[in-house]
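The values are calculated or read from the model by the stated rules, or taken from the named source; none is laboratory data. A quick note: this is a predicted structure, and the numbers were derived from the prediction, not measured. We place every Cβ from the backbone using ideal geometry, glycine too, and count neighbours over all the protein chains shown. Surface areas here come from the heavy atoms of the whole protein model, side chains and all, with no ligands, DNA or RNA. Shrake-Rupley method; radii C 1.70, N 1.55, O 1.52, S 1.80 Å.
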Amino acid sequence: MQAPLMDRFGRLHDNLRISVTDRCNIRCFYCMPEEGGQYAPRQEILSFEEIARFTRVAAGLGIRKLRLTGGEPLGRKDLHKLVGQLMGIEGIEDIALTTNAVLLGAQAKALYEAGLRRLNIHLDTLDREKFRQITRRDELPRVLESIEIAQRLGFGPIKLNAVAIEGLTEEDVVPLARFGRERGIEVRYIEYMPLDSQGLWDRRRVLTMDEMLERLRGEFGELEAVLEQDPRAPATEFRYGDGGGRVGFIASVSKPFCLNCNRIRLTGDGKLRYCLFAIEEMDVKGLLREGDDAAIEAAIRENLLRKWIGHEIGAARFVPPPRPMYAIGG
Ligand code: SF4
């Protein structure tokens, strides 16, 4: 029996986030530059077989949940084939996809047939002009159409991930919630984090969970905390008092949840990261291309033993990760 994947702080890790590419088809200003993004050479990007092999080894150590991310994962050709490979791995209980949904409409049927059900769709606003301003692409209509197609096909749960920025998206908090309530889609508001490649982040532009809750309560009345939720899940969830469903907050800045972290990450170019904000990372691509499974297991364990207690956003000694968000994945 393998020892559980535990770090020095006694946190059990069973959740693997897999970035399948660092490229994206939109350009959210808080994530990547409009021009001049630094991408890994294609031959450095892990093949589906290498990702599946890594996942098989990690599942043997206790990984149970997977999330496919990017860049934009649907920009990777035939992603449904990877989903099919991962679905068949013993021990894997759950697979989710985080996408900006621009390409989802065209790929939804193949992904659904491959067994995928859980979607997190990144959408910060329903205002077409503001969408274009944030992403530097005029793709809102395709995103909305993709959501309809995904719901019609039977994907679920579908959640919206909305990055909330003071001075830009506070007026979108209520319209997004209304959109979600009308469609049975849970909205997840994500506090703005220092993960962009240009160093634009400013603490004063963080729209906090409490500020957003106040707006939602002003519009929809009572919101009660959901007590029966997995304490290791990144989102803090609330239930509308009027039965209108749930809403969640990923309050990494105002209410860090690192003490319950259960996540490790694999980047598109084969680096293992014990934290979204990690400064150091460990190469496993070489092991996947030349090494054996025992060496990969050892790397996963060693990387986890280096894991810190949590990010230090707001502390004077906080250093943003050298790798930008689009090359880490959500
Ligand atoms: S910031 Fe790092 S340690 Fe904290 S919850 Fe996120 S991944 Fe885990």
> What is the magnitude of the charge dipole of segment 15-328 about its Cα centre, with +1 placed on the Cβ of each Lys and Arg, -1 on the Cβ of each Asp and Glu, and no other charges, expressed in debye to the nearest 20?
Replying inline: 420 debye
> Which percent of the accessible heavy-atom area of the chain goes to carbon and sulfur, probe 1.4 angstrom?
Replying inline: 51 percent
> Using a simple charge model, +1 on the beta-carbon of Lys and Arg, -1 on the beta-carbon of Asp and Glu, nothing else, what dipole does segment 182-330 show about its Cα centre, in debye to the nearest 20?
Replying inline: 380 debye
> Using DSSP loop states and a limit of at most 11 other Cβ atoms within 10 Å to flag trypsin sites (Lys or Arg not before Pro), what is the longest stretch of the chain containing no flagged site?
Replying inline: 78-316
>> For a distance above 26 Å, tell me the whole-number percent of Cα pairs in the chain that qualify.
In response: 46 percent
> Which GluC sites (Glu not before Pro) in segment 215-263 pass both tests, a DSSP loop state and at most 15 other beta-carbon atoms within 10 Å?
Replying inline: E222, E228
>> I'd like to know which of I185, Q43, A162 lies farthest towards the positive end of the charge dipole of segment 15-328, counting +1 on Cβ of Lys and Arg and -1 on Cβ of Asp and Glu.
In response: Q43
>> Heavy atoms of the protein only, probe of 1.4 Å, neighbouring chains included. What is the accessible area of S254 in Å², nearest 10?
In response: 40 Å²
> Could you give the length gained on full extension between R27 and R217, defined as 0.36 nm per residue of separation minus the Cα-Cα distance, in nm?
Replying inline: 65.2 nm
> So how many Lys-Lys pairs in segment 15-328 land under 19 Å Cα to Cα, not counting same-chain pairs under 8 apart?
Replying inline: 8
> What Cys residues in the chain have no fellow cysteine's beta-carbon under 4.7 angstrom?
Replying inline: C24, C258, C261, C275
> How much accessible surface area, in Å² rounded to 10, belongs to the heavy atoms of I185 with a 1.4 Å probe?
Replying inline: 10 Å²
> Which value at 222 nm does the chain reach when only helices count, each DSSP H run of 4 or more adding -39,500 (n - 2.57), with the total divided by all residues and rounded to the nearest 500 deg cm²/dmol?
Replying inline: -8500 deg cm²/dmol
> Among Y30, G75, G60, which residue has its Cα positioned farthest towards the positive end of the charge dipole of segment 30-107, with +1 placed on the Cβ of Lys and Arg, -1 on the Cβ of Asp and Glu, and the dipole taken about the Cα centre?
Replying inline: G60
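Indicate the gyration tensor shape class of segment 200-330 (rounded, prolate or oblate), computed on the Cα atoms with a ≥ b ≥ c the square roots of the eigenvalues: a/c under 1.5 is rounded; otherwise a/b larger than b/c is prolate and the rest oblate.
Prolate is the answer for segment 200-330, as a/c is 1.5 or above and a/b outweighs b/c.
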>> Is the C-alpha gyration tensor of segment 45-88 telling us rounded, prolate or oblate? Criteria: a/c under 1.5 is rounded; beyond that, a/b larger than b/c is prolate, otherwise oblate.
In response: prolate
> From the phi of every residue in segment 279-287, what ³J(HN,Hα) in whole Hz does the Karplus formula 6.51 cos²θ - 1.76 cosθ + 1.60 yield, where θ is phi - 60° and glycine or proline is x?
Replying inline: 8, 8, 8, 10, 6, 10, 4, x, 5
>> Under 5 Å between amide hydrogens, which residues at least 5 positions from G270 or on another chain qualify, with H placed 1.01 Å from N in the peptide plane?
In response: L46
>> If you average the C-alpha positions of segment 266-330 and of segment 160-188 separately, how far apart do those two centres end up, in angstrom?
In response: 31 Å
> Residues of segment 15-328: accessible area per residue at 1.4 Å, in Å²?
Replying inline: 42 Å²
>> Quick check on segment 126-252: take the gyration tensor over C-alpha atoms, sort the square-rooted eigenvalues as a ≥ b ≥ c, and tell me if it's rounded (a/c under 1.5), prolate or oblate.
In response: oblate
> Between E49 and K255, 0.36 nm times their residue separation minus their Cα-Cα distance comes to what?
Replying inline: 70.4 nm
>> Whole-Hz ³J(HN,Hα) for each residue in segment 99-116, computed from phi via Karplus 6.51 cos²θ - 1.76 cosθ + 1.60 with θ = phi - 60°, x for glycine and proline: what do you get?
In response: 9, 8, 6, 4, 9, 5, x, 6, 10, 4, 4, 5, 5, 5, 5, 7, x, 6
>> Could you tell me the relative contact order of the chain? Use alpha-carbon pairs under 8 Å, at least six residues apart, and round to a whole percent.
In response: 23 percent
> Using θ = phi - 60° and the Karplus form 6.51 cos²θ - 1.76 cosθ + 1.60, what ³J(HN,Hα) does each residue of segment 288-300 get, whole Hz, x for Gly and Pro?
Replying inline: 5, 9, 10, x, 10, 4, 4, 5, 5, 4, 4, 5, 4
>> Using amide H atoms built in the peptide plane, which far-off residues or other-chain residues are under 5 Å from V187 H to H?
In response: L160, G248
> Could you give the nm distance between label points at K77 and V319, where each point is 7 Å from its Cα heading toward the beta carbon?
Replying inline: 3.9 nm
